1. I'd like the full set of residues that are closer than 13 Å to residue 12 by Cα and crowded, with 17+ Cβ neighbours inside 10 Å, limited to region 27-68.
2. Please identify the pairs in which a residue from region 1-21 that is without any contact (Cβ under 8 Å) to a residue 24 or more places away in the chain and at positive phi has its Cβ atom under 8 Å from the Cβ atom of a residue that is buried (at least 18 other Cβ atoms within 10 Å of the Cβ) and assigned to a strand (DSSP E or B), counting only partners at least 6 apart or on another chain.
3. Working only within region 1-26, note down all residues that are buried (at least 17 other Cβ atoms within 10 Å of the Cβ) and in a loop (DSSP other than H, G, I, E, B).
């Protein structure tokens, strides 16, 4: 009897020569010889199958067969539906949406042009002027309000 350890980050069923034999991460007892290992479906792992010669193993030193997660799920039967390969120089639909979105940012609500940037309110500037005038004696009185002071009687 020989021993095999199939590795994968998650717990999966291990198939040997087309039949389920155990699970990933567990030592599986097999017959000596050449065997074909895979993890069944979904086929979201690489390589799709491993052919290994299993001989001269022990429980302490099994034949290790590694599988890794695939970057993207492998489609069965070609590209995803509704997506044809793009010709050279052709832009993706997302590129068109990005351009429209960028153009929409330049306009305000309702498709109107955005209002020009506001200047600082005059009120704040005036309050600063008043503060400086108030520190000078006799300053801060407007001529329109009566340039002369009335005497208290």
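Values quoted throughout were computed directly from the atomic coordinates according to the rules given, and no laboratory measurement underlies them. Quick caveat, the model's predicted, so the values are computed rather than measured. Heads up, the Cβs are rebuilt from the backbone with ideal geometry, glycines too, and the neighbour counts pull from every protein chain shown.
1. 37, 38, 39, 45, 67
2. 17/35
3. 8, 12, 24
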